[in-house]
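Notes for the one structure printed next.
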Amino acid sequence: MKTTHLLLMSFCISLASPVRARTVISEFDAAMLGLVQQYEKIHGLLAADSKSGFAKHTARLEALAKNLLKSSAKLTKRQRTISHQLKFSTARLRRAKGLALRREAFKVVSRPLVRWAIGFKPKAYQAVYCSMAKGSWLQSTGKVRNPYYGRKMLNCGKVLRSESALQKTILDETRPQAPCAAPRMR
């Protein structure tokens, strides 16, 4: 009787204590999470219309992007593409002068990061899209902070939750914009 009682108690305890599945992330994804932390600092500067520390943060971001290709010997085609895009776009961001050019360069850096995040789904970050700026970005979950308009339209943006939403934004981001027509004189 005691044995049955002990077995029943241990069974109940095992049901009450949830066993968490161990999540193993790749070396590439771990490196990307570190890169995103640095990227987030630049996002914060642009959202605040600030240039303080921009050169330091972009230099660190560029170094992290260059190391992505070295981080793992076996990269998938998608990971290799993301790595190459980040390597070149972060160099462009580092060289950008002035807030407007930095914001444009930030859009290019953001595209591969958003593509990675939609697939990897990091819990601490969300992908956001601004249709007015025709640009997406990653940021910590919570209130939207638009890096493309800064304080003017800080909360402008829609959180992307699926691969199909991402595909629509990529089409929108890469669609050429019609030039403004000059008014006709009579």
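Which residues, counting only those in the range 147-167, are modelled with pLDDT of 90 or more, surrounded by 12 or more Cβ atoms within 10 Å (Cβ to Cβ) and of a type in the set (K, R)? Step through it out loud before you land on a result.
So the first thing to find is which residues in the range 147-167 are modelled with pLDDT of 90 or more, and the list is 147-159.
Going one step further and asking which of them are surrounded by 12 or more Cβ atoms within 10 Å (Cβ to Cβ), we end up with 147-150, 153-154, 156-159.
The one that is modelled with pLDDT of 90 or more, surrounded by 12 or more Cβ atoms within 10 Å (Cβ to Cβ) and of a type in the set (K, R): K158.
Looking at K66, K51, K77, which one is basic (K, R), at pLDDT below 95 and surrounded by fewer than 10 Cβ atoms within 10 Å (Cβ to Cβ)? Step through it out loud before you land on a result.
Working: K66 fails: surrounded by fewer than 10 Cβ atoms within 10 Å (Cβ to Cβ); K51 fails: surrounded by fewer than 10 Cβ atoms within 10 Å (Cβ to Cβ).
So the residue among K66, K51, K77 that is basic (K, R), at pLDDT below 95 and surrounded by fewer than 10 Cβ atoms within 10 Å (Cβ to Cβ) is K77.
Of all the helices (runs of 4 or more DSSP H) wholly in the range 49-160, which have at least 2 residues that are among the β-branched types (V, I, T) and either in contact with a helix residue (DSSP H, G or I) (Cβ under 8 Å, 6 or more places away or on another chain) or in contact (Cβ under 8 Å) with a residue 60 or more places away in the chain (or both)?
Working: elements: 54-71, 77-95, 99-120.
Because the criterion is at least 2 residues that are among the β-branched types (V, I, T) and either in contact with a helix residue (DSSP H, G or I) (Cβ under 8 Å, 6 or more places away or on another chain) or in contact (Cβ under 8 Å) with a residue 60 or more places away in the chain (or both), the helices (runs of 4 or more DSSP H) in the range 49-160 that meet it are 77-95, 99-120.
Is it the case that L61 is under 19 Å from A30 (Cα atoms), touching a Lys or Arg at 6+ places or on another chain (Cβ under 8 Å), of a type outside the set (D, E) and modelled with pLDDT of 95 or more?
Here the answer is yes, as L61 does meet what is asked.
So which residues in the range 22-58 are under 21 Å from A127 (Cα atoms) and β-branched (V, I, T), if there are any at all? Talk me through it step by step, then tell me what you get.
The first filter runs over the range 22-58 and keeps only residues under 21 Å from A127 (Cα atoms), leaving 25-26, 28-49, 57-58.
Those that are under 21 Å from A127 (Cα atoms) and β-branched (V, I, T): I25, V36, I42, T58.
The values are calculated or read from the model by the stated rules, or taken from the named source; none is laboratory data. Bear in mind the structure is a predicted one, so any value in this text is a computation, not a measurement. Glycine gets a Cβ as well: all are built from the backbone with ideal geometry, and neighbour counts include every protein chain shown.
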